[in-house]
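The values are calculated or read from the model by the stated rules, or taken from the named source; none is laboratory data. Since the model is a prediction, treat every value here as computed from it, not as a measurement. FYI the Cβ positions are ideal-geometry reconstructions off the backbone, even for glycines, and counts take in every protein chain you see.
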Ligand code: GLA
C-alpha cells in the first residue's frame with residue numbers, strides 16, 4: 001500500500017471550487033454569545049471564507065487542570081460551518097492560563113540577565129520546558145480528539161507566532177536542552193572546544209555540564225557560543241512545532257498542519273528556511289514598517305516567504321486592515337492600501353489573505369489595533385474596503401493554486417549570516433544585514449526588474465544573476481556551490497563582509513573575502529568601517545557609507561567597475577567584477593551604496609547578465625510586476641507603487657482585476673492593482689534595456 005502524500009492546502013469538501021481564502025483571526029471568546037451570529041452574518045457579507053479560531057483560548061477551554069469547557073467552541077464551530085466558513089483551528093497553546101503558571105512557575109522563561117518573564121501578557125513559556133510541553137500536548141490531544149472530525153476544520157494552526165516573545169530563553173531548562181543539542185552537533189568536547197575556539201580567554205570545557213547559554217557576561221560572550229545558541233533557540237521552537245504536529249498527525253492524519261511564521265522586518269530569531277518542510281503549507285504574518293521603504297519591505301518579505309515556500313502557494317495568516325497598536329506611532333492605512341498590500345502578497349504567492357483580527361477588541365492590550373470590523377462598526381470605510389477586497393479575491397479565484405513564476409534574478413538571504421554579521425565585537429556595530437538585502441531589492445524595484453528572494457537551500461542554477469549581500473558565513477560547501485554557479489555561466493554579486501567566516505564563525509585566513517577570495521579574484525587585508533556621518537566617493541558618482549576597504553585585484557580577468565575618487569583609498573578599486581571563462585562573473589561591492597547607488601550599479605550588472613525589465617518604460621520604478629503561473633497561463637500582477645495613476649501599454653490580455661482596454665492599455669489607479677491573464681509566454685512584450 002502506498003502512503004498518501006500529505007495534504008498541502010486547506011482541507012475542503014470534495015468538489016469545492018478553487019478559491020483564494022479570505023478572513024481573519026476570530027476571537028469570539030472576547031464577546032458575548034449574542035454577537036457571534038452578527039459576526040457570522042457580517043463575515044458572509046465581507047466574503048470571508050476562513051477564520052483562525054481559538055488562538056488565545058486555553059484559559060477558556062481548560063479553566064482548571066481537570067476541567068474542560070468545549071461547549072462554546074462547539075457552538076462557534078457549528079455556526080461557522082453552517083455559514084460555509086472554514087476553520088483554521090489553533091491548538092490554543094500560545095498563552096498558558098494562570099492556573100498553570102501559578103502551579104508551575106518553572107515554565108516561565110528567563111532573560112539573559114536572569115529575570116523571570118512573568119505572566120500577564122502572552123507566550124510566557126519556555127520552549128524547552130518538559131512541564132509546559134506535557135500540558136500543551138494534553139491540550140492539543142484534547143482538541144484533536146474533539147474536533148478532528150468536525151466538518152468546519154480545514155487546518156490546524158500550531159500555537160501562534162512561535163518565538164514572537166519567547167525566542168531566547170536562558171533558563172536552566174534551556175541550559176539542559178542546549179547541552180543535549182551541543183552533544184548532538186559536536187559529539188565530543190574536543191570538537192566543541194575547537195569550534196568555539198575556547199583556548200581564547202581560558203574557556204576550555206572539560207565536562208558537558210559546564211556549558212551554558214550565553215547569559216549576561218563580563219564582556220563579549222564567546223561568538224560561536226552565541227551563534228550556536230541562536231541556532232539552538234530556533235531549533236527548540238521548531239522542536240515544539242514538531243511535538244504538537246506529531247500529536248495532530250497521529251490523531252488527524254488527513255488534516256494539514258501549519259503555523260504562522262513572521263517574515264517581516266525585525267523578526268530574525270527563527271531560521272524559517274529550515275522550518276518550511278515541517279508544515280503542510282507555509283503561513284506568514286506581516287506588518288508594514290512605516291518609512292520610505294515600507295512598500296519595498298512588504299514586497300521583499302512576501303518574496304522571501306515565497307522563497308521559503310519553494311515557490312508554492314502560501315497563506316497570509318495575518319496583516320492589518322489599518323493601524324497596529326505596537327509601533328511608536330501607529331499610522332492608519334491610506335485609501336487603497338488595504339487592498340494593495342493584500343494583493344501584493346497574493347502577487348508573491350499568497351493563496352489566502354487574512355487579517356488580525358475579525359472584530360476590533362473593546363478591551364485588552366490590542367483594542368487600538370485595527371480589524372476587519374472596526375469599533376465604528378460595519379458602516380465604516382474600513383469595512384467597505386474589506387468587503388470590496390472580498391469581491392476582488394473572488395474575481396481572482398483562477399489564480400488559486402498557481403505557483404510563483406521564477407524571476408531571472410534572485411537575492412540570497414541567509415539567517416546565519418544575519419545572526420553572525422551583527423554579533424558584537426565586530427569592525428562596526430552599525431551593520432544591518434536585512435537592510436543591505438532590502439536595499440538591493442529596492443534597487444531591483446526601481447529598475448522594474450523582478451527578483452526572487454531565496455535561501456541557501458534553494459537551487460541557484462535556474463537564475464542568471466544572484467546577489468548575495470553580506471553573505472558573511474560561507475562554509476566550504478556554500479563556497480563550492482557559488483563557484484559552480486559562476487562556472488556554469490551564472491552571475492554572482494556579493495558585498496563587503498561576505499565570505500569572511502566558516503560555519504563556526506572562524507575567519508578564513510589568507511586575506512578577505514576569505515572563502516570567496518579566489519572566486520572574486522580580489523584580496524583585502526584590512527577593514528575600514530566608516531563612522532556615522534562619513535562616506536567615500538566613487539568615480540561612478542555614487543557614495544558609500546558604513547564600510548570601506550583597500551581592495552587589491554588579484555586575478556587577470558578582474559575589471560574594476562568603480563574606484564575611490566579621494567581619501568585614503570583614492571584610485572583603488574571599490575567595485576570589481578571577475579569575468580569567468582564560461583561566461584559567468586563574480587562581482588564585489590566593497591561599501592554600502594544604499595538603494596539609489598545600488599540601482600545605478602545594478603543596471604550595469606543586469607546588462608552584463610542579460611537580464612532585462614519585463615515592464616514597459618512607463619512602469620519601471622512606479623509599478624511592481626510579479627507573475628504567477630499555472631503552466632498553461634500566467635497571471636501578471638501590476639502594483640502601482642505611487643500615489644498617481646499610471647498607464648501601461650501591454651499586450652492585450654484578459655483583465656481579471658483593474659482597468660484595461662482591448663488594445664492592452666492598462667490604467668492603474670493611485671495605489672491600484674491590475675491582474676492580467678495571459679496564455680503562457682504571451683506576457684513577454686516589453687522593451688528591453690535597463691537604462692543603467
Ligand atoms: C501578532 C499576533 C496577533 C496580534 C498581532 C497584532 O501578529 O499573532 O495575535 O497580536 O500581532 O499586530
(message) Looking only at the range 372-396, filter to residues that are touching a residue at least 12 places away in the same chain (Cβ under 8 Å) and part of a loop (DSSP other than H, G, I, E, B); which one of those is farthest from residue 329 (Cα to Cα)?
(response) 396
(request) Please specify each residue of the range 32-53 satisfying the condition of being buried (at least 16 other Cβ atoms within 10 Å of the Cβ) and over 24 Å from the mean Cα position of the chain (by Cα). (result) 36, 39, 40, 42, 43, 46, 47, 48, 49
(request) For residue 18, state whether it is within 16 Å of the ligand (Cβ to nearest atom) and more than 24 Å from the chain's Cα centre (by Cα). (result) no
(request) Check residue 173 against each of (1) in contact (Cβ under 8 Å) with a residue 24 or more places away in the chain; (2) in contact with a strand residue (DSSP E or B) (Cβ under 7 Å, 6 or more places away or on another chain); (3) within 19 Å of residue 94 (Cα to Cα) and name the one condition it does not meet. (result) (2)
(request) Output the residue which, of all residues in the range 336-371 that are assigned to a strand (DSSP E or B) and more than 15 Å from the ligand (Cβ to nearest atom), is surrounded by the fewest Cβ atoms within 10 Å (Cβ to Cβ). (result) 351
(message) Please go through (1) buried (at least 24 other Cβ atoms within 10 Å of the Cβ); (2) more than 29 Å from the chain's Cα centre (by Cα) for residue 494 and return the number of the only condition it doesn't satisfy.
(response) (2)
(request) Please find, within the range 245-268, the residue that is farthest from residue 133 (Cα to Cα) out of those that are within 16 Å of the ligand (Cβ to nearest atom) and touching a helix residue (DSSP H, G or I) at 6+ places or on another chain (Cβ under 8 Å). (result) 265
(request) Mind listing just one residue for me: the one in the range 280-300 that is closer than 26 Å to residue 91 by Cα and within 16 Å of the ligand (Cβ to nearest atom) and, of those, surrounded by the fewest Cβ atoms within 10 Å (Cβ to Cβ)? (result) 287
(message) Of all residues being in a helix (DSSP H, G or I) and touching a helix residue (DSSP H, G or I) at 6+ places or on another chain (Cβ under 7 Å) in the range 564-604, which is nearest to residue 544 (Cα to Cα)? Just the residue, please.
(response) 594
(request) Could you please give the count of residues in the range 54-71 that are surrounded by fewer than 16 Cβ atoms within 10 Å (Cβ to Cβ) and in contact with a helix residue (DSSP H, G or I) (Cβ under 9 Å, 6 or more places away or on another chain)? (result) 6
(message) Within the range 145-158, does at least one residue satisfy the condition of being crowded, with 22+ Cβ neighbours inside 10 Å, within 16 Å of the ligand (Cβ to nearest atom), modelled with pLDDT of 95 or more and part of a loop (DSSP other than H, G, I, E, B)?
(response) yes
(request) Please go through the range 256-305 and pick out each residue that is in contact with a strand residue (DSSP E or B) (Cβ under 6 Å, 6 or more places away or on another chain) and part of a loop (DSSP other than H, G, I, E, B). (result) 256, 262, 263, 279, 280, 281, 282
(request) Scan the range 316-331 and give yes if some residue there is within 27 Å of residue 156 (Cα to Cα) and away from the ligand (no atom under 14 Å from the Cβ), otherwise no. (result) no
